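See structure below.
A short reminder: the numbers here are calculations on the coordinates, not readings from a lab. In this text, all values refer to a predicted model and were calculated from it rather than measured experimentally. Ideal geometry is used to build each Cβ from the backbone, glycine not excepted, and the neighbour counts take in all protein chains shown.
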Amino acid sequence: MLDLSVRIGQVELQNPVMPASGAFSTEYASVIDINRLGALVAKTVSRNFRAGNPPPRAAEVEGGMINSIGLPTKGLQYFLDAQLPDYKQYSPPLVASISAEDADDFQAMARDINVPGVDVIEINISCPTRKPGGGNFALHAEHAHDIVTRVRAETDKPIWAKLSPNAGEIVDVAMAAEDAGADALTVANTILAMKINVNTFRPALGNKIGGMSGPAVKPIVLRMVYQISKAVSVPIIGCGGISNAEDVIEYMLAGASAVEIGYVNFRNPTAMISIINGLEDWCNKRGIRRIADLTGAVRDGDMETDTYVAAAQGF
Ligand SMILES: Cc1cc2nc3c(=O)[nH]c(=O)nc-3n(C[C@H](O)[C@H](O)[C@H](O)COP(=O)(O)O)c2cc1C
């Protein structure tokens, strides 16, 4: 009997497949059985209403999309009053995602969202279109350490820190988040990117610059998951460019315990269910009984891999 379950610290998931924040809502219930997902990850919420960035907010590019949605939200109170009960109709654990403009508000947000029904708090310290110290705290290890420490002080719930692929030294940021008490690391948010319309000479996004996601980013983020998994002992949730079951397996081999899926949901809203079915088939065909055994199972023990540090080090 195949066991697809995985553990992220204290949280048990029936399978490793979750939606990524911002790429999911309960409206998916009209096309998929939401109860089959490993967990439900809500759109990032911040304290007050935010309109988000100027349109256009998304543009297609080869191998994915770039977006600059700008974290629109109806605010924390709306999340607690309306969205939380809506999510709790479903059985998978609920991961609430929070963001804030400054460190004090991040801490207060953690306190205010520390309510029954929220099973995990994912801290979005990595929105690419926010300033360092103004929402994007994952660019520097000391900023990430400060936010995770403050959130940790407010809650006993599991904290997943969502890291930024735009950090110069993402491994240092990962270690800082672990040191400050994160229970898991979500790797990663979107990669800063741009598109220009060659007919109008205008940037395709209203914010000019946005974050890239989709299949083209997978090898980049996979490399980050691999490097981080060598440096930390908390579980890692791989997130970037997953579009099929083999992509999930690849992330798990690199060191991820579970995954979050964004872009492909926009292309095919039933994709996450196909991926869960695909994982079952993949494991059954190979006689793998426990999918959790694949985490970190890449066979690289006999290989030298030191050259990757060159790009990050000075002369
Ligand atoms: C339209 C869109 C909206 C997003 N909104 C959020 C968000 O609110 N919070 C967050 O943490 N990440 C957000 N993300 C990033 C995704 O959660 C994910 O980290 C990223 O897209 C990489 O995964 P993918 O390649 O599977 O899309 C958003 C991504 C997209 C494409």
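Does ASN53 satisfy being under 21 Å from the mean Cα position of the chain (by Cα) and over 22 Å from GLY181 (Cβ atoms)?
Against the criterion (under 21 Å from the mean Cα position of the chain (by Cα) and over 22 Å from GLY181 (Cβ atoms)), ASN53 qualifies.
What single numbered condition from (1) closer than 24 Å to LEU4 by Cβ; (2) free of Cβ contacts under 8 Å to residues at least 24 places away in the same chain; (3) surrounded by 15 or more Cβ atoms within 10 Å (Cβ to Cβ) fails to hold for SER243?
In the conditions (1) closer than 24 Å to LEU4 by Cβ; (2) free of Cβ contacts under 8 Å to residues at least 24 places away in the same chain; (3) surrounded by 15 or more Cβ atoms within 10 Å (Cβ to Cβ), SER243 misses (2) alone.
Hey, among LEU205, LEU192, which residue is assigned to a loop (DSSP other than H, G, I, E, B), within 16 Å of the ligand (Cβ to nearest atom) and farther than 24 Å from ALA39 by Cα?
Unique residue meeting the criteria: LEU205.
Filter region 208-230 down to residues that are aliphatic (A, V, I, L, M) and not in a helix (DSSP H, G or I) and give me whichever is farthest from LEU253 (Cα to Cα).
ILE209
Within region 64-81, is there a residue that is near the ligand (Cβ under 9 Å from one of its atoms), small (Gly, Ala, Ser) and touching a Pro at 6+ places or on another chain (Cβ under 7 Å)?
Looking through region 64-81, at least one residue is near the ligand (Cβ under 9 Å from one of its atoms), small (Gly, Ala, Ser) and touching a Pro at 6+ places or on another chain (Cβ under 7 Å).
In the list ASN35, ASN15, which residue meets the criterion of being surrounded by 20 or more Cβ atoms within 10 Å (Cβ to Cβ) and either more than 19 Å from ASP105 (Cα to Cα) or within 14 Å of the ligand (Cβ to nearest atom) (or both)?
ASN15
Condition first: part of a loop (DSSP other than H, G, I, E, B), among the small types (Gly, Ala, Ser) and over 18 Å from the mean Cα position of the chain (by Cα). Now tell me which residues in region 149-172 satisfy that.
Within region 149-172, just GLY168 meets the criteria.
Here is a check on your reading of the model: is GLY52 within 15 Å of the ligand (Cβ to nearest atom) and in contact with a Gly (Cβ under 6 Å, 6 or more places away or on another chain)?
Here the answer is yes, as GLY52 does meet what is asked.
Could you check ALA23 against (1) touching a residue at least 40 places away in the same chain (Cβ under 8 Å); (2) farther than 30 Å from GLY255 by Cα; (3) aliphatic (A, V, I, L, M); (4) assigned to a loop (DSSP other than H, G, I, E, B) and say which number it fails?
For ALA23, the failing item is (2).
For region 143-169, what are the residues that are within 16 Å of the ligand (Cβ to nearest atom) and of a type in the set (Lys, Arg)?
Residue satisfying the conditions is LYS162 alone.
Which one of these is away from the ligand (no atom under 16 Å from the Cβ) and surrounded by 15 or more Cβ atoms within 10 Å (Cβ to Cβ): VAL217, VAL264, VAL232, VAL248?
VAL232
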